[in-house]
Amino acid sequence: MPLRTRPLPVPSRSLTRRGLFAASGGLGAASLLAACGAGGDEAEGTGGASGSFSFLDERDQQEVRLASVPGTVVAFTGLAAALYDYGVEVAAVFGPTTLADGSPDIQAGRMPVEGLQVLGNAWGEFDMERFAQLNPELIVSHYYEGFDLWFVPEERLEEVEALAPGIGIEVSEPTIDEIIDRHAALAEALGADLTSAENAAGVERFEAAATAMHDVAMESGISAGRNLKAVAVGAWPDGLYVANPPTFNVLAKCVALGADFVVPENPDQNGYWELLSWENIDKYEADAIFLDVRTGNIAPETLLADHPTWAALPAVEAGQVYGWNGEPVYSHIGGAVELERITEGLSAAQPLG
């Protein structure tokens, strides 16, 4: 499964890709604020929008058109978190939202989860009865090849979309900039003011984070005489998963800005991970390790205590283990947070020789 906390098997019925990102390129952070909205004329909606509503469903490249801007929107948690960053709140969410102690899951981003309606907090969970009681006007989620509306159980999809039209935003192929632009456009269609001071500051922060990443990558590279090598991984009981940078948009962004990440030789059939047994996790040399911070990964202190081969890695011995998030919140603020997280690690790490 593409970006889930733990890679899962390929689905038994592989779906044909129903549509690639339609635009030839993203709007780009600087031009986003000047972009036209995807909604229509004026009357009240989720974020204060009005008039009719129209937005592209990237699963089949068809426009979803509604007579008015939907006021009752249900969204995958990560997508809802992005909308929240732009000023749009949804009626309910589904997907990783809270931890066992009630605190927010990382995919909830900056959303206040207290009192939030959660229709399902884990893979396979979706409360159809509560969903129907909401009288939903729209359901939105991410879309990956081989999967439909992310975190909507496939066997419930037809029933779900009989109650509310669905929109999928493609997150497996476009760049992180393009994906963020699409989330911002959806927020605008639902009533967000992308020209507000808060949203302008979010764009500026994302641009500054990209610039900082580029500067640090240049300082860490061959041209600077350091040649710092990094590897991004996920840690699970069955072994260490080495992330393939081209298929994780946040890592691909870092590489495009000059960072040097290990590219695994034998990624799985989805192209996302290479699984290494705990006995062979030293296959790739790296000066810095970025450990997936998403819920379900083995914590660093547990790795040190339970896996001697991990403790023996040079980067671990040097204390050069940092965090990364394979499923960013796709807002400008969310993207900035993840670039800043990786930049901080690259800046702190030193080549080990």
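The values are calculated or read from the model by the stated rules, or taken from the named source; none is laboratory data. A quick note: this is a predicted structure, and the numbers were derived from the prediction, not measured. Note that each Cβ is placed from the backbone with ideal geometry, even for glycine, and that neighbours are counted across all protein chains shown. SASA here: full protein model, heavy atoms, side chains in, ligands and nucleic acids out. Shrake-Rupley method; radii C 1.70, N 1.55, O 1.52, S 1.80 Å.
Some observations on this one:
- Any hit, region 226-235, residues being β-branched (V, I, T), open to solvent by 20 Å² or more (accessible area, probe 1.4 Å) and either assigned to a helix (DSSP H, G or I) or in contact (Cβ under 8 Å) with a residue 12 or more places away in the chain (or both): no
- Subset of region 342-353 (residues that are touching a strand residue (DSSP E or B) at 6+ places or on another chain (Cβ under 8 Å), part of a helix (DSSP H, G or I) and in contact (Cβ under 8 Å) with a residue 24 or more places away in the chain): I342, G345, L346, A348
- Among (1) under 23 Å from R59 (Cα atoms); (2) surrounded by fewer than 21 Cβ atoms within 10 Å (Cβ to Cβ); (3) in contact with a strand residue (DSSP E or B) (Cβ under 9 Å, 6 or more places away or on another chain); (4) free of Cβ contacts under 8 Å to residues at least 40 places away in the same chain - the single one V93 does not satisfy: (2)
- Considering region 106-115, the residues that are open to solvent by 40 Å² or more (accessible area, probe 1.4 Å) and either in contact with a Phe, Trp or Tyr (Cβ under 6 Å, 6 or more places away or on another chain) or assigned to a loop (DSSP other than H, G, I, E, B) (or both) include one that is nearest to A164 (Cα to Cα), namely G115.
- Among the residues of region 267-286, those identified as of a type in the set (S, T, N, Q) and at pLDDT 95 or above are S277, N280.
- Matching residues in region 302-317 - criterion: being under 25 Å from L228 (Cβ atoms) and either out of contact with any strand residue (DSSP E or B) (no Cβ under 9 Å at 6 or more places or on another chain) or open to solvent by 50 Å² or more (accessible area, probe 1.4 Å) (or both): L304, T309, A311, A312, P314, E317
- Matching residues, region 194-248, being acidic (D, E) and in contact with a strand residue (DSSP E or B) (Cβ under 9 Å, 6 or more places away or on another chain): D238
- A single entry from G323, G334 fulfils the requirement of being at pLDDT 95 or above, assigned to a helix (DSSP H, G or I), in contact with an Asp or Glu (Cβ under 9 Å, 6 or more places away or on another chain) and of a type in the set (G, A, S): G334.
- Every condition in (1) in contact (Cβ under 8 Å) with a residue 60 or more places away in the chain; (2) buried (at least 21 other Cβ atoms within 10 Å of the Cβ); (3) out of contact with any Pro (no Cβ under 6 Å at 6 or more places or on another chain) is met by E145 except one, and the failing one is (2).
- E344 over 30 Å from A122 (Cα atoms), acidic (D, E) and more than 21 Å from the chain's Cα centre (by Cα): no
- One residue stands out among those in region 116-131 that are open to solvent by 10 Å² or more (accessible area, probe 1.4 Å) and not in a loop (DSSP other than H, G, I, E, B): the one that is nearest to E338 (Cα to Cα), which is V118.
- Subset of region 244-269 [open to solvent by less than 60 Å² (accessible area, probe 1.4 Å) and either more than 21 Å from A348 (Cα to Cα) or among the aromatic types (F, W, Y) (or both)]: N244, T247, F248, N249, F261, P264, P267, D268
- Remark: pairs (first residue in region 183-206, over 22 Å from S54 (Cα atoms) and open to solvent by less than 30 Å² (accessible area, probe 1.4 Å); second residue in a helix (DSSP H, G or I) and not hydrophobic (A, V, I, L, M, F, W, C); Cβ separation under 7 Å; 6+ apart in sequence or on different chains) = G202/D85; G202/H332; V203/H332; F206/H332; F206/G335.
Per-residue answers, yes or no, for (1) in a helix (DSSP H, G or I); (2) at pLDDT below 95; (3) among the polar types (S, T, N, Q); (4) over 20 Å from V329 (Cα atoms):
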position: S141; (1), (2), (3), (4): no, no, yes, no
position: W150; (1), (2), (3), (4): no, no, no, no
position: G168; (1), (2), (3), (4): no, no, no, no
position: R182; (1), (2), (3), (4): yes, no, no, no
position: D193; (1), (2), (3), (4): no, no, no, no
position: A208; (1), (2), (3), (4): yes, no, no, no
position: D215; (1), (2), (3), (4): yes, no, no, yes
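- Among the strands (runs of 3 or more DSSP E) confined to region 58-105, there are none with at least 2 residues that are in contact with a Lys or Arg (Cβ under 6 Å, 6 or more places away or on another chain) and of a type in the set (A, V, I, L, M, F, W, C).
- Checking Y241 against (1) open to solvent by 10 Å² or more (accessible area, probe 1.4 Å); (2) among the aromatic types (F, W, Y); (3) part of a loop (DSSP other than H, G, I, E, B), the condition it does not meet: (3)
- A80 in contact (Cβ under 8 Å) with a residue 12 or more places away in the chain, closer than 18 Å to L138 by Cα and among the small types (G, A, S): yes
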